[in-house]
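A short worksheet on the structure shown next.
The values are calculated or read from the model by the stated rules, or taken from the named source; none is laboratory data. The shown structure was predicted, so the numbers you read here are calculated from the model rather than taken from an experiment. For neighbour counting, all protein chains shown are included, and Cβ atoms are generated from backbone atoms with ideal geometry for every residue, glycine included. Side chains are part of the model used for accessible areas, which takes the heavy atoms of the whole protein and leaves out ligands, DNA and RNA. Shrake-Rupley method; radii C 1.70, N 1.55, O 1.52, S 1.80 Å.
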Amino acid sequence: MLNLIDLLEHIQVLREQDQYYNEHYLRDLFRSKIAKSHATGKDGVRIGAFETRLIEETRLIQRKVAAETYSFTHFKERLIPRGAKRLPRQISIPTVRDRLTLRATCQLLHEHVPGTRGKTPHALIKAIVEKIRDGDQSDNVFLRLDVRDFFPSVSHKLMQRELRRVGVTPSVQRLCMDALENPTGAENELQSRGIPQGLSISGALAALYMQRFDEQQSTPQHPYFRYVDDILFICPAKVADELLKSVSRKLSARGLKVHPKGVAGKTEISPVSGGIDFLGYRVGVDQVSIRDSSYKRMFTNLQSVLTDFRYRKDIRRTIFRVNLKITGCIVDGRRRGWMMFFSYTECISQLKYLDVFLANQLSRIDFPHAQRIAIKSFVKSYHEIRFNINNTSYIPNYDAFDQTQMIEVISTMTGRRTEELVTWDIDRISSEFGRIISHEVQDLERDVGSPS
């Protein structure tokens with residue numbers, strides 16, 4: 001016979017299963033969050049094939065989660081280069097079924113565990129700027145710490161303790177821990193440390209792991225800001241070294257190590273008056289600008305598209321891709337792209353120079369003068385994003401594209417004639433449009449690079 005605590009826990013499990021893992025919720029979640037993705041896991045099942053048996057698949061997930069017998073297929077591995085002398089970043093790619101189950105679990109964590117959504121880079125930059133412009137900062141410094149190999153270092157034992165602490169039910173704990181332990185790539189052994197990168201719950205679990213640490217840090221004497229593994233304090237210069245030692249000890253207790261002081265762009269102490277690089281920005285008392293490395297990246301991004309034009313001589317495709325590099329876009333309800341990420345800059349001169357650079361490059365490659373009017377502007381994009389994002393037609397919102405607009409994009413990017421495309425059914429049009437946009441959005445994410 002169940003005691004009161006067990007009974008309440010059992011009721012909570014049933015509520016979770018009814019709300020987040022029932023077949024109807026899962027189908028809606030698939031259509032809103034999964035259907036436009038085109039990655040395949042180790043089982044090789046593609047989105048289209050999964051969708052044809054969506055009813056059976058969602059019922060299977062519901063049944064296995066309820067019976068606590070759900071198991072994840074080993075994740076497929078993708079390696080992302082990180083430059084010379086650095087090991088590539090390992091990305092874990094789940095099967096479509098696992099992706100849907102993980103997404104449901106992520107939704108549950110977001111709703112029931114405050115703080116697992118984390119703060120956006122824009123919110124953090126804004127908060128930092130407000131702090132350093134509020135009062136005399138002449139004696140203050142930035143203390144910046146970068147956690148070494150944050151995701152691979154997370155202790156599973158401590159993670160399970162945190163899941164229990166915030167009241168996550170045993171059945172959801174099991175799903176979370178099974179996902180963390182699941183091997184990626186050629187590995188066959190269960191993992192004992194780390195959060196796989198690339199899963200929908202990765203960010204939520206990382207935020208949960210650091211939640212108590214975050215709560216203990218910020219004081220009026222040294223305001224604290226953190227974005228994943230990038231940590232920033234504003235503090236009096238005389239306490240900075242001791243604060244660095246104290247924070248390093250606390251992180252070490254959670255299995256995390258910081259880069260030693262003096263490693264460029266990692267762990268450093270510098271006067272507030274001189275500014276500091278943080279989350280891709282250069283944050284100063286007088287101005288927020290785009291960090292040099294992040295700024296230079298956009299010149300390379302533009303050159304790659306223009307080089308493509310030299311070989312293809314495809315005017316429509318070039319205009320589409322250049323404009324997307326400039327404006328970014330909205331897709332799946334999210335703002336994507338370089339200008340979207342760096343829209344909190346106050347240095348408009350950087351954006352003006354990019355517009356001048358692009359105009360000069362178009363002249364160099366003999367891009368038809370009559371077509372240059374269709375090329376958009378970084379400065380205009382900035383103003384639309386900052387002040388008119390909800391009403392603008394300048395920034396593409398792919399979530400709102402109708403069938404005609406989707407056909408136009410497919411024609412532009414594939415060279416197919418619209419006369420052929422209008423004979424396709426809407427599912428085929430949507431699928432091909434989703435494939436193209438998904439590929440371009442991945443490219444936009446690479447444009448931004450790592451904000452650390």
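If you place +1 on the Cβ of every Lys and Arg, -1 on the Cβ of every Asp and Glu, and leave all else neutral, what size is the dipole of the chain about its Cα centre, to the nearest 20 Debye?
On the way: 68 positive and 54 negative charges, 215 e Å.
Once rounded to the nearest 20, the dipole reads 1040 debye.
Local charge sum around Gly434 (other residues, Cβ-Cβ under 13 Å, Lys/Arg +1, Asp/Glu -1)? Walk me through the intermediate numbers first.
On the way: positive: Arg31, Lys33, Lys36, Arg46, Arg428, Arg435; negative: Glu51, Asp332, Asp399, Asp427, Glu432, Glu440.
Net charge around Gly434: 0.
I need the per residue convex hull volume for segment 213-271, using only the alpha carbons, in cubic angstrom as a whole number.
On the way: hull volume 5.1 nm³, N = 59.
Value for segment 213-271: 87 Å³ per residue.
Taking the Cα centre of segment 267-370 as origin, sum charge times position over the Cβ atoms of Lys and Arg (+1) and Asp and Glu (-1), and report the length of that vector in debye to the nearest 20. If you can, show how the numbers build up before the last one.
Values: 16 positive and 10 negative charges, 123 e Å.
Result for segment 267-370 is approximately 580 debye, rounded to the nearest 20.
Mean residue ellipticity at 222 nm from the helices of the chain, using -39,500 (n - 2.57) per DSSP H segment of n ≥ 4 over the full residue count, to the nearest 500 deg cm²/dmol? List each step's numbers first, then the result.
Details: 20 runs with 232 residues, N = 452.
Result for the chain, helices only: -16000 deg cm²/dmol.
Report the one residue of Leu306, Ser294, Thr267 whose Cα lies farthest in the direction of the positive end of the charge dipole of segment 261-335 (charges on C-beta: Lys and Arg +1, Asp and Glu -1; origin at the Cα centre).
Leu306
Can you give the FRET efficiency to the nearest 0.05 for Arg165 and Ala67, using r as the Cβ-Cβ distance and R₀ = 41 Å? Intermediate results must be reported in sequence, preceding the final value.
Details: r = 26 Å, r/R0 = 0.64.
The value I calculate is 0.95.
What is the spin-label model distance, in nm, from Glu346 to Arg82 if the labels are put 7 Å beyond Cα along the C-beta direction?
3.3
Leaving out ligands, DNA and RNA, and with a 1.4 Å probe, what % of the accessible surface on the chain is carbon or sulfur?
That share works out to 49 percent.
Restricting attention to the alpha-carbon atoms of segment 21-102, what are Rg (one decimal) and Dmax (integer), both in Å?
14.7, 48
Please state the charge dipole magnitude for segment 382-438, taken about the Cα centre, from unit charges on C-beta atoms (+1 on K and R, -1 on D and E), reported in debye and rounded to the nearest 20.
Approximately 200 debye in magnitude.
What is the ratio of the Cα radius of gyration of segment 231-313 to 2.2 N^0.38 Å, where N is its residue count, to two decimals? Display every interim value, and only then the final one.
Working: Rg = 18.6 Å, N = 83, 2.2 N^0.38 = 11.8 Å.
Cα Rg divided by the expected 2.2 N^0.38 Å: 1.58.
Could you rank the peptides 219-226, 167-174 by their average count of other C-beta atoms within 10 Å per residue, with the highest value first?
Values: 219-226: 15.5, 167-174: 17.6.
Descending mean neighbour count gives 167-174, 219-226.
Using only Cα atoms, locate the centre of segment 408-452 and the centre of segment 344-400, then give the distance between them in Å, rounded to an integer.
Distance between centres, Cα-based: 21 Å.
Given H placed on each backbone N at 1.01 Å, which residues far from Arg148 in sequence or on other chains put an amide H within less than 5 Å of it?
It is Lys257, Val258, His259, by chain and number.
Once every Cα of segment 36-189 carries one equal point scatterer and solvent is ignored, give the base-10 log of I(q)/I(0) from the Debye formula at q = 0.10, 0.15, 0.16, 0.17 Å⁻¹, two decimals.
Log10 I(q)/I(0), no solvent term: -0.53, -1.02, -1.11, -1.20.
Averaged across orientations, what area in nm² does the convex hull of the alpha carbons in the chain project?
Details: hull surface 100.5 nm².
If you wrap the Cα atoms of the chain in a convex hull and average its projections, you get 25.1 nm².
For segment 311-419, what mean projected area does the convex hull of the alpha carbons give, in nm²? Intermediate values should be presented prior to the final figure.
Working: hull surface 31.0 nm².
Taking the Cα atoms of segment 311-419, their convex hull projects to 7.7 nm² on average.
Calculate, axis by axis, the spread of Cα positions in segment 390-452 along the three principal axes, and write the results as whole Å, longest axis first.
So the three principal-axis extents are 47, 26, 19 Å.
Under 20 Å Cα-Cα from Lys119, which aspartates and glutamates qualify once same-chain neighbours fewer than 8 residues away are excluded?
Within the straight-line limit of under 20 Å, Lys119 reaches these aspartates and glutamates: Glu111, Glu130, Asp146, Glu162, Asp214, Glu215, Asp229, Asp230, Asp277, Asp332, Glu445.
Take peptides 95-107, 25-37 and line them up by average Cβ neighbours within 10 Å, highest first, as a rough protection proxy.
Answer by packing, highest mean first, reads 95-107, 25-37.
Return one whole number: the accessible area per residue of the chain in Å², for a 1.4 Å probe. Show your work: numbers first, answer last.
On the way: 22690 Å² over 452 residues.
I get 50 Å² per residue for this part.
State the Kirkwood hydrodynamic radius of segment 79-170 in Å, one decimal place, computed from all pairs of distinct Cα atoms. Display every interim value, and only then the final one.
Working: mean 1/r = 0.0568 Å⁻¹.
For segment 79-170, inverting the mean 1/r across all distinct Cα pairs yields 17.6 Å.
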